[in-house]
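Working notes, structure below.
The values are calculated or read from the model by the stated rules, or taken from the named source; none is laboratory data. Predicted model only: the values in this text are computed from it and were never measured. Glycine also receives a Cβ, built like all others from the backbone with ideal geometry; neighbour counts cover every protein chain displayed. All accessible areas refer to the heavy atoms of the entire protein, side chains included, with ligands and DNA or RNA removed. Shrake-Rupley method; radii C 1.70, N 1.55, O 1.52, S 1.80 Å.
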Amino acid sequence: VQLQASGGGLVQAGDSLTLSCAASERTLSRYGLGWFRQAPGKEREFVAAINWNGGSTDYARSVKGRFTISRDNDKNTVYLQMSSLKPEDTAVYYCAAHRFLGVRSTKDDYDYWGQGTLVTVSS
């Protein structure tokens, strides 16, 4: 599966931004999906995950209530809607896919990774 993330950019604190990740795989419903992020000098961390049909989600505590993950299997795309952005949300955001159908929050469970899209939140 090839993943292509897009939608990053420079925004101000409090703004909203939506990331998209398009997959080459026509049967994306076979995979659980997730978003991770990596800030400069830090390890890649879990942000959000969604199961194969969108019926179950999980979020990192730092983004819960502000970010929403969703997917459209017909369009082979997963989204991350981000609101009330904070400077500490600044990072490269990666989408990823795994072969389990459920929700996974550990990066080692993921088999396929996109190239990342940079989100910069200014104060």
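Which ones in the stretch 78-108 are surrounded by fewer than 18 Cβ atoms within 10 Å (Cβ to Cβ) and either part of a strand (DSSP E or B) or among the charged types (D, E, K, R) (or both)?
Taking the stretch 78-108 as the starting set, the residues that turn out to be surrounded by fewer than 18 Cβ atoms within 10 Å (Cβ to Cβ) are 81, 83-84, 86-88, 99-102, 105-108.
Within the stretch 78-108, Q81, K86, E88, R99, K107, D108 qualify.
Of R30, R44, R37, all but one fail to be farther than 21 Å from K86 by Cβ and in contact (Cβ under 8 Å) with a residue 40 or more places away in the chain; the exception is R30. For the stretch 31-77, a tally of residues being surrounded by 14 or more Cβ atoms within 10 Å (Cβ to Cβ) and acidic (D, E) returns 2. For the stretch 13-25, does any single residue satisfy the condition of being among the charged types (D, E, K, R) and either open to solvent by 70 Å² or more (accessible area, probe 1.4 Å) or touching a Lys or Arg at 6+ places or on another chain (Cβ under 6 Å) (or both)? So far as the stretch 13-25 goes, no, none of its residues is among the charged types (D, E, K, R) and either open to solvent by 70 Å² or more (accessible area, probe 1.4 Å) or touching a Lys or Arg at 6+ places or on another chain (Cβ under 6 Å) (or both).
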